[in-house]
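Read the figures in this text as sums done on the coordinates, not as results from a lab. Note that the coordinates shown come from a computational prediction; the quantities given were computed from them, not determined experimentally. Because the Cβ atoms are built from the backbone with ideal geometry, glycine has one as well, and the counts that use them run over all protein chains shown.
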Amino acid sequence: MSLFCLLWIPLFYFFWRSISPGKEGGLWALPLGCATAVFQFFYGPLVAPGGFGFSRWMSGFVDIVCLPVLVPLVVYLLLVALRAFSAAVDFTGFALLWLIPLSLFRSIDWNPARSPLMLVLVPVLWTALAVGIAFFNRCVSRRSRWYVIIPFALGIAALPFLAATSWWAFFSHQTVMGFLLFFASIIPMTISVILKFISR
């Protein structure tokens, strides 16, 4: 399982590049991802986890599932605003490159517990967020009608909530809810990958 956590992100990155020719991930992401992984190694969790309630969900949202993908999103938007690179740089590739050092660190950090929840589910949820957020963003940028934009914008806001709650449900042994929210979380990623294959 630790091998899955280590290899899933880089393998999916190369897969994504193969179906997105001409799209680059932005090489700045790799050293920035290394810096983030080093920070997490020395600083530890930002939110102290509690039992099975809201504090545990918040811990999962901030330290485990969502913030690792939302931070590169914010940095990506900042770099685009500062014209450090073009908006044509693919956010999915940028986020996946950012996550490679973190996946290496987590494969070591989480290995003693040997939990599929951490070593298998979390990397897949990271990927679902990186691909899904970019998918919704492309849908918003290509539409001009407010009644079309609003649902996709809500999708961007809802996706991290669904992913974090899926992780929390599995952690709380609410398996049915966990699977339902997991499948809801990966739907945008699945649609995006299918559309990439069709448009090749």
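Can you list residues whose amide H is under 5 Å from Q174's amide H, if they're 5+ apart or on another chain and H is modeled 1.01 Å from N?
none
Roughly how tilted is helix 29-43, in degrees to the nearest 10 and between 0 and 90, from the longest Cα axis of the chain?
Approximately 20 degrees, to the nearest 10.
May I ask you to evaluate 6.51 cos²θ - 1.76 cosθ + 1.60, the Karplus curve with θ = phi - 60°, for each residue of the stretch 160-177 and list the ³J(HN,Hα) values in order in whole Hz, giving x for glycine and proline?
Rounded to whole hertz, the list is x, 4, 5, 5, 5, 6, 4, 4, 4, 5, 5, 4, 8, 6, 9, 5, 4, 4.
³J(HN,Hα) across the stretch 91-106 via Karplus (A = 6.51, B = -1.76, C = 1.60, θ = phi - 60°), whole Hz, x for Gly/Pro?
These are the phi-based 3J(HN,Hα) values: 5, 4, x, 4, 5, 5, 4, 4, 7, 4, x, 5, 5, 5, 4, 5 Hz.
Given R₀ = 22 Å, FRET efficiency for L82-S141 by Cβ-Cβ distance, to 0.05?
Efficiency for this residue pair is about 0.70.
Could I have the simple spin-label model distance between F42 and D109, label points 7 Å from Cα toward Cβ, reported in nm to one decimal?
1.4 nm
Between (1) 13.3; (2) 10.6; (3) 11.7, which entry matches mean projected area of the Cα convex hull in nm² as derived from the coordinates of this structure?
Evaluating mean projected area of the Cα convex hull in nm² on these atoms matches (3).
Taking the Cα centroid of the stretch 1-54 and of the stretch 147-177, what is the distance between the two, rounded to the nearest whole Å?
Here the answer is 19 Å between Cα centres.
Using each residue's phi in the stretch 58-66, evaluate 6.51 cos²θ - 1.76 cosθ + 1.60 at θ = phi - 60° and report the 3J(HN,Hα) Karplus result to the nearest Hz, with x for Gly and Pro.
Taking θ as phi minus 60°, the curve returns 5, 4, x, 5, 7, 8, 10, 9, 9 Hz for the stretch 58-66.
As I understand it, the value is the acute angle between the Cα axis of helix 67-81 and the longest principal axis of the Cα atoms of the chain; what does it come to in degrees, rounded to 10?
So the inclination is approximately 30 degrees.
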